[in-house]
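Presented below is the structure to which this report refers.
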Amino acid sequence: MAVLSEEQEMLRDMARDWTTNESPVAEWRKVRAGGEAQAYDPAAYAAMAEMGWTGVVVPEEHGGSDFGWLSAGLVIEELGKTLTASPLASSIVAASAIILGGSEEQKAKWLPQLAAGEVVGALAVDERPRHDPAAIETQVSGGKLTGTKAFVHEAHGADLFVVVAQDGLYLVKKGEGVTLSDRKLTDQRSHAEVKFDGAVADTLKGGGDDLLDQVLDRARIVTACEMLGMAQQVFDTTLDYLKQRVQFNQVLATFQALQHRMADLFADLALMRSAVEGGLQALDSGFGVPRAAMVAKAEANRVLNAMSREGIQLHGGIGMTDEYDVGLYLKRARVLEASYGNIAFCRNRIASLGGY
Amino acid sequence: MAVLSEEQEMLRDMARDWTTNESPVAEWRKVRAGGEAQAYDPAAYAAMAEMGWTGVVVPEEHGGSDFGWLSAGLVIEELGKTLTASPLASSIVAASAIILGGSEEQKAKWLPQLAAGEVVGALAVDERPRHDPAAIETQVSGGKLTGTKAFVHEAHGADLFVVVAQDGLYLVKKGEGVTLSDRKLTDQRSHAEVKFDGAVADTLKGGGDDLLDQVLDRARIVTACEMLGMAQQVFDTTLDYLKQRVQFNQVLATFQALQHRMADLFADLALMRSAVEGGLQALDSGFGVPRAAMVAKAEANRVLNAMSREGIQLHGGIGMTDEYDVGLYLKRARVLEASYGNIAFCRNRIASLGGY
Amino acid sequence: MASRSTIEAQDETEAFREEVRQFVTQNFPDELKNTGSAMSAVEGPDEETPAQQSWREAMGERGWGVPTWPREYGGGGLTRKQAAILNEELAKAGAYNPIGGMGVMMFGPTLLEYGSEEQKKEHIPPIARGEIRWCQGYSEPNAGSDLANLQTTAEDKGDHYLVNGQKTWTSGGQWADKCFCLVRTDRSDKHKGISFLLIDMDAPGVEVRPIQMISGMSPFCETFFTDVEVPKKNLVGEEGEGWTIGKRLLQHERTNLSGGGSMARMMGASLPDIARKYVGTDAEGRLADPVLRDRIADFEIRWSAFLLTARRAAEESKAQGGVAEISSVLKKVGTKLGQEKAELTIEIMGFQGLGWEGEGFSESELAGVRAWLFGKATTIYGGSTEVQNNIIAKRVLGMLDHQ
Amino acid sequence: MASRSTIEAQDETEAFREEVRQFVTQNFPDELKNTGSAMSAVEGPDEETPAQQSWREAMGERGWGVPTWPREYGGGGLTRKQAAILNEELAKAGAYNPIGGMGVMMFGPTLLEYGSEEQKKEHIPPIARGEIRWCQGYSEPNAGSDLANLQTTAEDKGDHYLVNGQKTWTSGGQWADKCFCLVRTDRSDKHKGISFLLIDMDAPGVEVRPIQMISGMSPFCETFFTDVEVPKKNLVGEEGEGWTIGKRLLQHERTNLSGGGSMARMMGASLPDIARKYVGTDAEGRLADPVLRDRIADFEIRWSAFLLTARRAAEESKAQGGVAEISSVLKKVGTKLGQEKAELTIEIMGFQGLGWEGEGFSESELAGVRAWLFGKATTIYGGSTEVQNNIIAKRVLGMLDHQ
């Protein structure tokens, strides 16, 4: 764990208390059973807004707390631990796009609403099943945006889309010219194909040529934070299980072969945590973000993949049942691994950034 | 172990008896201490010839036994187990080039001598430090061959080179226009840069357009056989060591973490054996050789690499000393892994053969 | 020159091949052509169409669903060679063997070995005709990998046993007619207190509750026995012999779970094909992503080595008589590779390979996802990978436990 | 606005930086510029040139070879911040710290903690000046990872101990002046029977025999003690306290073996640079082999995560006071990655990366091969990876042994 300020420790403890008491995995099961395409509890999101989480990276002048990315990451990690469904991460990234690239007018219009949780933002990037920000066909002409985004996370709950077009990023309100088709993935959360057909679009002019990269790097790091929470939880749950379950008259935790596998996972988890926190710290310092984002997402992908596989295997048959939580993490894990860059994407970009 | 004929079982037992009694690892240590560039004991090679091993794939009409490749593989595997140094594998492959591509005259001239062990053959292919049969600059003009081969195995003991030139394969006798420079590798066996400067060359016209591939596939499979013997020996030695060594008042073999690692290695070894024997059987049947050769060499590379690393680690500090044998296998392993295609080469070729 | 007996053998072979062809032509309904095998990893509800029923009955009549089982119990009585010809001809015609399941794969072979004459006469023919579905009553909630720790009791009540307890992971328990069960007849000895009992699933006191899996399917049940009366004639072997019989049955299971053939059938589309479709190719026909190409080649090499190992194991055991050691290697490696392939498949397909249900996904994409999730069970059931590692280390390599 | 005390602190910092610069200008011989660090993984014979000697003496005089050690024992007495500035300025000038070895890395810090005033006065200053070389007498032939099983005895003879036994893996034993040794003073208790003793390597009865390693080097020795008389003043701590002191020293060793900084120094040329040289690049400057490029990126990502972990561990332990748990992770992961890099390096270079000696290979190629082979020891010594796994599982994760 990174060394935290007192403020950050309070925030983390608050988030942990809330998820433990108000939003354990059972809450997600309820939402899932409800079967709404939006796939989260609006009351829970309102509670998050009330606790200030929706405005954590928004400047104070626009109604946020400006606590920074490490703070945002602490909260999202805790939400990941209990699989709390919400568009928080998605909306924070959308807000950051406006912070980075918006005009004063755009900021004044949207940031207070995003910070207050009254408006939910979402990022609409990819047009293919694999993350590929170089393959964008969406175009804007005369202020009208047209194109189809293949898998937009949290699209159902979103009011405002940050849409990637060939010539830059645009804000598009949900409404006329915007059509959603459900894309139910294994995590059973909100994903949709979003069709923009001449929808009114407001360009984000600021932020420089690499605005898209900057926004995507934030999405990657924030996604990695949720994955970190999930990996930590799978590890902790599995360790507990091994300490309780008896086989061949022995507690499983006493089998050396399992001990060494847990030691490997513990080491991997330590590396994942360092990589993810390194990404957050890079965002807060503004230094070395592109590389740090790739290291964070790549390690998150690698370790959560291994952790979710080993978590199931070490639980044995019981881990295969829907009744146990560990399988839910597996089904969310692969979705997040594929989001904003799988491991092959990350390696390719790390090499390009390294000039080789 | 493949199901053997009675003849093959006798051959295997003979080879095993001979290596165990006449050519244990201590013999290789003696050769190494001698420091000759040729790096093998001519008397040992004479003994192999006497037992008929040099002629094992040579047709009877040319003085061989024509026992076939599975038989050749059995012998080479046994030699691999005790790190017996000799140009047997190299010479068998050279003979096979003549069998596949030689004229009746060439066969009549060379095969009886190769089969009798009076002439030693070697293959001169690569001109770069990595195996790349597509990158050949050696040329022949007016029957004179000119080019430089970077790392020719068993060059010092060889009398006859099978040389790859741009337009095919050639036989070149050691002598005028042929210059060797030592290239001492970690295995301390015979390797040399061989410079051909207008050396008299005799073309191998037969065998079709893919003669080079056919010969290289034989080299790959035969190399994999030696590697199989080495991997088997490292495994057996390590298992013995674990059963004897006591730490923390427990025999190492009783530690479950080590048991499971040995189970993994045992499974890997089973796959390697199947792949290598599959290569030999493909050669004997003439069916599916290119793919079988790649599977054999790729699995040999993968498993021997892991086995040599784990062998050292499981031996602990003692495995790092020159006095113990296990390190000698590591130092030979990497040389053979790089020979005629490392794992990346094999994967690339498997994909090409599979049309993807 | 071929000898006279060789020629005769060849004639007989060809005659048999012709017999199969005629049978298929006459009996195999066209509409079933290339609809695949009825054997699946785990049995489903499987409601038969009339065509399927007619094909099953035709095959069952001949005993060709279990071609090498003895004719006297309804099997085909064929030699291995004839059975191979039967398979070849079925495949050529786009037909399949409609008779499978646990009765065929596990229970039948075990009963043929250990059952009494009466038991064989009673139970084997319906299996051979595909009329009766069996399920397995082995695992219990507190006896996962430690199977012998089972607690379900069978109390001797003179003419019957009174069975009480709970089983879990009963494959297809909700659809099965009968259950072969390990029960405890003696508490004083862990292994020798176990007996092998056959229980009717519709007997009073038997209840099943399907278990929902992460794949969304419920192919397994919890099975509860409350004062179930089981006639004594349903005891296989002697009392206390259950562990021996049960282990033998597990060998049949392991062979089926790992055998190259059935694994290969379960593997679905080839990775190069999937990658061609989802990632595309370059001008020379190579996969557009060279790194993915390398990983697929890596998989294919190891998969080839695995298939060669399965073949070698079969040849060796034929030549040397039952080398069971390698079955643990096959189980461990085959299931691992199957999982690897599934993970690679969904990775190649991106989000398109992670569909759960609803619009936007093809049937084969959705089936792939369920198979990926369900496949996580393969390294757990039938003796987990950890148990196979213990078997290899201790029984094969002689690495004993600390005394 | 900066406060007054901040400004003062900045002034002092700049003044110190200036002091270092002047010192380096005046004392660092030009011919040594960029010749690298004298600290190597394992000490060699190291015959000094006059320039090296003069630089060592200048640094030793100031105590800057051990910058944070107390001035009263010949250390630099610097703050951590000043020490960092010293390192920065040395690096800028192409200079290096010429004083290292086991005395600095392991024995010195331990003696400063556990030694008597006399012992510190006697032993620390020569270490600080780089005059005395220490070696480690821990391992024994029958006590590998089970270090506490050691058998070398020290018998109390009134004014001295009589030492008999055999040590192995004595790093640089053939070049060392003194040895810090774990010896058995009591047979009745495995751990509490161990004491920490300092032995002169030129005392009568001490013999060393270099061990030839697979890398061809002989950096370790077997050390034989036959009736060696060791004065009682050379006992560190109390009799029976050796295990506690010895473990503390191992923590220093582990930190040094795994710490991001020193590992990074050992890593040599970067993989992309090596690959550019041996494999080449395409028109866009990418490595010509895309699969290799992917593998190098994979390594670099994990290496970055490791370095971030080392940094995080340092920050955490500073903030929370000594979190030693993570040191096992660093040791285990750092050494594994180092080996991976070495294997990848020789693979990239092909046969050119497998040279043993003689013509055809550059010096750096040959050094790379030796480093690859020697590096196999890093996962064995200083507590093997298996021992680190046990520590993590038992002490950190609370997975206890079967009782």
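Every read-out reported here was derived from the displayed coordinates using simple, explicitly stated rules and does not represent laboratory data. The shown structure was predicted, so the numbers you read here are calculated from the model rather than taken from an experiment. Positions of Cβ are generated from backbone atoms using ideal geometry, with glycine treated the same way; all protein chains shown enter the neighbour counts.
Across peptide C:376-389, how many C-beta atoms of other chains are within 10 Å of each residue C-beta, on average?
Working: counts 8, 5, 0, 4, 9, 3, 0, 0, 5, 4, 12, 2, 3, 10.
The mean count of partner-chain Cβ atoms within 10 Å per residue comes to 5.
The Rg/Rh ratio of region A:121-204, with both radii computed over alpha carbons and Rh defined as the Kirkwood radius, is 0.94.
Note on chain A: antiparallel DSSP beta bridges, both residues inside, total approximately 85 percent of the bridges counted. Translational diffusion coefficient of region C:134-242 (Stokes-Einstein, Kirkwood radius from Cα pairs, 10 °C, 1.306 mPa s): 115 µm²/s.
Past the 49 angstrom mark, what percentage of all C-alpha to C-alpha distances in the protein assembly as shown do you count? It works out to 45 percent of all Cα pairs. Taking the helices alone, chain C has a mean residue ellipticity at 222 nm of -14500 deg cm²/dmol, built from -39,500 (n - 2.57) per DSSP H run of at least 4 residues and averaged over all its residues. Counted over chain C, the DSSP beta bridges are approximately 85% antiparallel.
Across all directions, the shadow cast by the convex hull of region B:1-142 built on its C-alpha atoms averages 10.8 square nanometres. For chain A, the longest principal axis of the alpha carbon atoms and the long axis of helix A:69-81 meet at an angle near 50°.
With a cut-off of 9 Å between beta carbons, the residues surrounding residue D:240 carry a summed charge of -4, where Lys and Arg count +1 and Asp and Glu -1.
For residue A:244, the point set 7 Å out from Cα toward Cβ sits 4.7 nm from its twins in the other copies, listed from shortest up.
Chain D versus the axis that turns it onto chain C: the residue with the nearest Cβ and the distance in whole Å amount to D:290, 2.
Region D:148-220 and region C:339-381 have Cα centres spaced 60 Å apart. Remark on region B:211-353: Rg and Dmax equal 16.6, 59 Å (Cα only).
What separates the Cα centres of region A:46-119 and region B:286-356 is a distance of 53 Å.
Ranked by the mean number of other Cβ atoms within 10 Å of their residues, highest first, the peptides C:242-251, A:68-77 come out as A:68-77, C:242-251.
Over region D:343-403, Cα pairs under 8 Å with separation of 6+ residues give a relative contact order of 19 percent. Based on Cβ point charges of +1 for Lys and Arg and -1 for Asp and Glu, what charge dipole magnitude is obtained for the protein assembly as shown about its Cα centre, in debye rounded to the nearest 20? Value, rounded to 20: 220 debye.
Where does chain A land at 222 nm, in deg cm²/dmol rounded to the nearest 500, when only DSSP H runs of n ≥ 4 count, each adding -39500 (n - 2.57), divided by all residues? Present the calculation step by step, with values, prior to reporting the outcome.
Numbers: 11 runs with 190 residues, N = 356.
Theoretical 222 nm ellipticity from helices: -18000 deg cm²/dmol.
What number results when the radius of gyration of region D:24-131, computed over Cα atoms, is divided by 2.2 N^0.38 Å?
Values: Rg = 13.6 Å, N = 108, 2.2 N^0.38 = 13.0 Å.
It is 1.04.
Among A:216, C:32, a tally of other beta-carbon atoms within 10 Å of each Cβ gives an order, fewest to most, of C:32, A:216.
Counting alpha carbon pairs within less than 8 Å and at least 6 residues apart, what relative contact order, in whole percent, applies to chain B?
Working: 660 pairs, mean separation 57.1, N = 356.
Contact order relative to length: 16 percent.
Residue D:134 sits among other residues whose Cβ lies under 9 Å from its own Cβ, and their net charge, with Lys and Arg +1 and Asp and Glu -1, is +1. Label-point distances for residue A:175 to the equivalent site in the other copies, using a point 7 angstrom along Cα→C-beta, read 9.5 nm when ranked shortest first. Which percent of Cα pairs goes in each bin when the distances of chain B are cut into 20 angstrom slices starting at zero? P(r) over chain B, rounded to whole percents: 31, 58, 10, 0. With the convex hull of the Cα atoms taken as the outline of region B:263-319, the averaged projected area works out to 3.9 nm².
Hey, could you get me the Stokes-Einstein D for chain D, Kirkwood radius over alpha-carbon pairs, 10 °C and 1.306 mPa s, rounded to whole µm² s⁻¹? Don't skip to the answer; put the middle values down first.
Details: Rh = 23.3 Å.
It diffuses with D of about 68 µm²/s by this estimate.
Dimensions of region A:162-276 from C-alpha coordinates, computed as largest minus smallest value along each principal axis and given longest first, are 67, 32, 16 Å. Sorting the segments B:207-213, A:190-196 by their residues' average number of neighbouring beta-carbon atoms within 10 angstrom, most packed first, yields A:190-196, B:207-213. Working ranking of peptides A:295-308, B:28-41 by packing, defined as the average number of other Cβ atoms within 10 Å per residue, highest first, is A:295-308, B:28-41. With a cut-off of 12 Å between beta carbons, the residues surrounding residue C:279 carry a summed charge of +2, where Lys and Arg count +1 and Asp and Glu -1. Neighbouring Cβ atoms from other chains, within 10 Å of the Cβ of residues in B:180-190, number 5 on average.
Going by neighbour counts of Cβ atoms within 10 Å, the residues C:276, A:347 line up, fewest first, as C:276, A:347. With label points set 7 Å from Cα along Cα→Cβ, the inter-copy distances at residue D:48 are 9.5 nm, sorted shortest first.
Taking every DSSP beta bridge with both residues inside region A:121-204, roughly what % is antiparallel (nearest 5)? Intermediate results must be reported in sequence, preceding the final value.
Details: 25 of 29 bridges.
Antiparallel bridges: around 85 percent, rounded to the nearest 5.
Taking each residue of C:329-339 in turn, how many C-beta atoms of other protein chains fall within 10 Å of its C-beta, and what is the average?
Partner Cβ neighbours, averaged per residue: 2.
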